[in-house]
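Enquirer: Let me begin by handing over the structure; questions about it come next.
Bear in mind these aren't lab numbers, they're just calculated from the coordinates by the rules spelled out. None of the values given here were measured: they were computed from a predicted structure. FYI the Cβ positions are ideal-geometry reconstructions off the backbone, even for glycines, and counts take in every protein chain you see.
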Amino acid sequence: MSCVTLTTDFGEQDWFVGVMKGVLAVRAPQARVVDLTHGIAPGDVRAAAFALLNAYPYFPRRTVHLVVVDPGVGSARRGLAVRTTEFDFIAPDNGVLSWALERERIRSVRWIENEDLRLQPASATFHGRDIFAPAAAFLAAGGAFDRLGPLTDSPLLLPWSDPSVVNGGWVGEVVYVDRFGNAITNLHQPLSMAEPVRWLLHWAPGAHCALETCYSAVGKGEPVAVVGSCGFLEIAVNQGRASDQLGLKIGDRVELRPDRTTARPQRKRPKGP
Amino acid sequence: MSCVTLTTDFGEQDWFVGVMKGVLAVRAPQARVVDLTHGIAPGDVRAAAFALLNAYPYFPRRTVHLVVVDPGVGSARRGLAVRTTEFDFIAPDNGVLSWALERERIRSVRWIENEDLRLQPASATFHGRDIFAPAAAFLAAGGAFDRLGPLTDSPLLLPWSDPSVVNGGWVGEVVYVDRFGNAITNLHQPLSMAEPVRWLLHWAPGAHCALETCYSAVGKGEPVAVVGSCGFLEIAVNQGRASDQLGLKIGDRVELRPDRTTARPQRKRPKGP
Amino acid sequence: MSCVTLTTDFGEQDWFVGVMKGVLAVRAPQARVVDLTHGIAPGDVRAAAFALLNAYPYFPRRTVHLVVVDPGVGSARRGLAVRTTEFDFIAPDNGVLSWALERERIRSVRWIENEDLRLQPASATFHGRDIFAPAAAFLAAGGAFDRLGPLTDSPLLLPWSDPSVVNGGWVGEVVYVDRFGNAITNLHQPLSMAEPVRWLLHWAPGAHCALETCYSAVGKGEPVAVVGSCGFLEIAVNQGRASDQLGLKIGDRVELRPDRTTARPQRKRPKGP
């Protein structure tokens with residue numbers, strides 16, 4: 001049984017996601033369809049790229065990852081299909097696949113141009129239904145990748161902002177704020193952090209917290225930095241909302257620095273699993 | 001494998017949708033269950049009717065479309081089952097199926113009254129779980145349509161507001177505002193629009209925009225009218241929210257008129273797919 | 001085909017639920033995965049426990065109910081697996097299973113400690129992905145329950161607040177407010193209510209409404225008490241929001257008392273199904 005994931009900015013109010021699933025049910029009736037998220041803010045290509053980056057590897061081999069965050073629908077932007085050694089990806093050519101693809105070994109990149117695979121007539125406002133879902137269904141049903149359209153080597157790529165090394169630490173930025181208000185940064189493990197140095201994550205003059213192993217290493221309502229579930233350092237508030245309480249937002253500069261002013265106290269570490 | 005779609009106003013917070021899926025899993029374990037939407041505003045029968053209208057044809061033949069937007073639950077309103085040449089529909093008899101059925105060839109209409117098919121005891125507040133999901137599961141599992149209950153020819157029908165022809169144009173109204181703030185009207189293609197006339201969609205004195213082929217035919221933040229993905233003309237703002245920016249809401253009068261004051265400029269059309 | 005339900009506080013914005021489904025698709029490809037809800041307020045263990053209580057019995061026998069509302073993730077709190085005669089349950093040991101388990105016949109309770117079943121390396125911030133989804137997948141794929149970890153008899157239990165009998169009536173409290181603004185109480189049927197007494201539900205001095213059989217027994221916009229779909233008495237406003245209109249919130253005291261001041265009027269009862 002093949003698998004198709006869906007990532008869109010279509011929200012939960014309308015019928016748009018449901019219709020795409022209808023197209024998949026008609027054209028790839030055996031495929032398992034899984035929602036990654038439909039809660040991407042309208043047109044937020046970077047948020048979708050980040051969600052995909054963090055989710056795509058957890059799916060079965062040869063899963064088709066279908067992303068429709070498409071502010072340029074109906075314009076001259078093309079449709080993109082990418083086959084890697086592990087997965088297939090279908091999306092508008094607006095960079096939304098960029099960061100996932102940086103981690104993949106790419107075998108083929110094609111424009112989606114085969115008009116025979118589209119719903120007829122294709123609308124100018126809903127390519128998710130008329131072009132992208134049919135392309136994903138075609139692959140999920142075992143269709144040949146090279147039938148989607150011509151090869152290309154010029155997909156649009158979004159730059160990833162790499163942290164920089166400064167004074168024995170790293171400078172990065174907040175790249176995502178999640179549902180819990182955790183501010184996820186672009187500082188990614190493994191950073192070469194020599195133990196037993198104590199590390200502090202700074203987000204404003206005089207505002208910082210220690211890097212700990214889990215949220216509950218600090219008291220309820222206190223800020224804490226942890227290595228999040230996708231390897232990125234994040235600033236959280238234990239059982240609270242860091243984004244609101246600390247005023248953190250996407251693009252904010254953060255800096256990870258060794259704590260040179262105090263000896264590391266012997267903290268009680270949680271024993272947990 | 002049969003298919004059941006769900007359209008409700010149950011939202012995402014509670015367990016109501018999940019429980020209906022449990023009933024379907026018990027009684028029709030082979031059926032594929034697809035969410036059309038659960039984000040209908042509480043009790044908004046017209047919004048649900050419009051969502052269903054736009055989504056139902058994209059599903060496999062003999063899909064059971066189950067709609068539970070049911071402000072009259074527990075009252076004297078009946079349950080309705082409709083078989084058409086292509087699909088089955090299950091819903092409270094409050095008109096929610098009206099506009100989809102206008103496009104279908106109807107073969108049988110029955111009240112859902114067979115108490116043997118219900119969960120026992122049936123509650124007075126959740127017929128989605130106790131009556132409608134069991135009826136849909138019964139059909140999805142191959143049950144005989146005529147066992148649901150007696151024939152009827154008097155289901156409640158909601159009137160569809162047809163546009164009227166005025167001065168060589170059409171007058172209609174906004175019937176839906178989607179997640180992107182697009183104001184969808186009841187002006188539906190094909191309208192007999194003689195090219196090469198340029199058309200303007202007016203929504204208030206002095207407020208209008210041109211009918212174009214896609215959102216990005218105008219600059220970012222500018223209003224534009226397009227034929228939306230379901231054939232209805234809609235007013236959008238390219239990468240913005242027409243409903244907020246232009247103050248459009250359901251029921252607002254709109255008028256599509258030929259532009260007689262200016263020659264049509266030679267616009268650059270986007271080449272796009 | 002086995003069934004796995006998901007109940008979380010992960011919301012709809014991020015990729016967290018999708019990733020758990022990816023893990024399930026890899027490890028239990030034949031399982032049907034059903035969302036109970038992901039709209040639990042962050043860290044609200046009691047709301048999740050109440051949702052589970054009301055939903056879990058409607059699923060096929062041997063369904064694995066997976067609950068991840070986990071404010072203590074990464075701390076010393078353990079993971080819990082419970083097998084009953086009908087179902088399996090997987091959750092953090094924070095009491096979220098308590099009220100469902102009170103209605104079940106328990107066969108085995110184990111800590112989830114088998115590190116071989118985890119994703120490697122397991123994060124300290126997302127046990128839903130790394131520990132709980134793998135444990136649920138293991139069971140759904142037919143794995144032996146006793147391989148999850150050692151037996152325990154000390155899971156954390158949340159007390160259920162039982163109504164008390166006062167003056168021939170009952171005193172209870174609001175325990176949940178649903179999407180429609182209905183205020184659900186802990187007063188559960190069957191209460192031994194001798195007909196033909198008329199009952200009033202009081203929520204403040206001078207503020208009360210009658211217990212009726214359905215929402216529409218009263219006029220639009222009027223308050224009404226009904227026995228809800230899960231057997232709990234709830235205060236509603238017909239086609240309105242009781243929580244907003246009457247100012248009801250979780251923890252508010254309510255009292256069900258016979259109406260001794262008036263003879264019961266002969267109400268017209270709705271005939272409905």
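Enquirer: Could you tally the net charge around A:Ala236, taking each other residue with its Cβ under 10 Å from the Cβ of A:Ala236, Lys/Arg +1 and Asp/Glu -1?
Expert: -3
Enquirer: Separate question: So if I restrict to the alpha-carbon atoms in the stretch A:139-182, what is the Rg, and what is Dmax, the biggest pairwise distance, in Å?
Expert: 19.6, 53
Enquirer: Rounded to the nearest 5, what % of the DSSP beta bridges within chain A are antiparallel ones?
Expert: 75
Enquirer: Follow-up. Distance from a point 7 Å along Cα→Cβ of A:Ala204 to each backbone N in the stretch A:234-254: keep the residues under 18 Å and list them by number.
Expert: A:235-238, A:240-254
Enquirer: For helix C:45-55, report the angle its Cα long axis makes with the longest principal axis of the Cα atoms of chain C; keep it between 0 and 90° and round to the nearest 10°.
Expert: In chain C, helix C:45-55 runs at an angle near 80 degrees to the longest axis.
Enquirer: If you line up the long axis of helix A:16-27 against the longest principal axis of chain A, both from Cα atoms, how many degrees apart are they, to the nearest 10?
Expert: 50
Enquirer: Same structure again: Can you tell me the mean projection area, over all orientations, of the convex hull of the stretch A:1-120's alpha carbons? Units nm², please.
Expert: In nm², the orientation-averaged hull projection of the stretch A:1-120 is 7.3.
Enquirer: Also: Volume per residue, Å³, of the convex hull around the alpha-carbon atoms of the stretch C:205-260?
Expert: It is 100 Å³ per residue.
Enquirer: So how many Å³ per residue does the convex hull of the Cα atoms of the protein assembly as shown work out to?
Expert: 194
Enquirer: Also: Shortest first and in nm to one decimal, what separations exist between B:Ala76 and its copies in the other chains, measuring from label points 7 Å along the Cα-to-beta-carbon line?
Expert: Nearest to farthest, the other copies are at 6.5, 6.5 nm.
Enquirer: Looking at the square roots a ≥ b ≥ c of the eigenvalues of the Cα gyration tensor of chain C, which shape do they give, rounded for a/c under 1.5, prolate if a/b is larger than b/c, or oblate?
Expert: Judged from the Cα gyration tensor, chain C comes out prolate (a/c at least 1.5, a/b above b/c).
Enquirer: Which whole-number percent gives the relative contact order of the stretch A:90-139, counting Cα pairs below 8 Å spaced six or more residues apart?
Expert: 38
Enquirer: Could you give me the ³J(HN,Hα) list for the stretch A:112-118, computed from phi with Karplus coefficients 6.51, -1.76, 1.60 and θ = phi - 60°, whole Hz, x at Gly and Pro?
Expert: Whole-Hz 3J(HN,Hα) from phi for the stretch A:112-118: 8, 9, 6, 6, 5, 8, 7.
Enquirer: What is the fewest-to-most order of C:Arg103, A:Arg32 by other Cβ atoms lying within 10 Å of their Cβ?
Expert: C:Arg103, A:Arg32
Enquirer: Run the label-point distances for C:Gln189 please: 7 Å along Cα to Cβ, every other copy, nanometres, shortest first.
Expert: C:Gln189 label point versus its equivalents elsewhere: 5.2, 5.2 nm.
Enquirer: Right, next: Out of C:Ala51, C:Ala41, C:Ala183, any idea which swings most in a Gaussian network model of chain C, alpha carbons joined below 10 Å?
Expert: Result: C:Ala41 has the largest fluctuation of those listed.
Enquirer: Going 7 Å from the Cα of C:Ala76 toward and past its Cβ, which residues in the stretch C:112-130 have a backbone nitrogen under 19 Å from where you end up?
Expert: Backbone N within reach: C:112-113, C:124-125.
Enquirer: Mind checking which chain A residue has its Cβ closest to the axis relating A to B, and how many whole Å off it is?
Expert: Residue with the nearest Cβ, plus whole-Å distance, for chain A: A:Glu12, 3.
Enquirer: Between C:Arg105 and B:Trp160, what FRET efficiency comes out of the Förster formula 1/(1 + (r/R0)^6) with R0 = 51 Å and r the beta carbon distance, rounded to 0.05?
Expert: The value I calculate is 0.40.
Enquirer: Tell me which residues come under 5 Å, amide H to amide H, from C:Asn186 once H is placed; ignore anything under 5 positions away on its chain.
Expert: For C:Asn186, the qualifying residues are C:Glu173, C:Val175.
Enquirer: Right, something else. Report for the protein assembly as shown the percent antiparallel among DSSP-assigned beta bridges with both residues inside it, nearest 5.
Expert: Antiparallel bridges make up about 70 percent of those DSSP assigns within the protein assembly as shown.
Enquirer: Taking only C-alpha pairs under 8 Å that are 6+ residues apart, what is the relative contact order of the stretch B:1-109 in percent?
Expert: 28
Enquirer: Right, something else. Provide an ascending nm list, one decimal, of label-point separations from C:Gly142 to the equivalent residue in each further copy; define each label point as 7 Å from Cα along Cα→Cβ.
Expert: 2.4, 2.4
Enquirer: Under a point spin-label approximation (7 Å from Cα along Cα-to-Cβ), what is the C:Lys220-B:Asp259 distance to one decimal in nm?
Expert: The answer from the label model is 4.2 nm.
Enquirer: Counting other beta carbons within 10 Å of each residue's own, what order do C:Arg61, C:Arg27 fall into, fewest first?
Expert: Least crowded to most crowded, the residues run C:Arg61, C:Arg27.
Enquirer: A follow-up question, please. Determine, for C:Trp15, B:Trp199, the number of other Cβ atoms within 10 Å of each Cβ, and report the residues in order from fewest to most.
Expert: B:Trp199, C:Trp15
Enquirer: Still on this model: Using alpha-carbon pairs under 8 Å, 6+ residues apart, how would you state the relative contact order of the stretch B:98-169 in percent?
Expert: Averaging sequence separation for qualifying contacts and normalising by length gives 43 percent for the stretch B:98-169.
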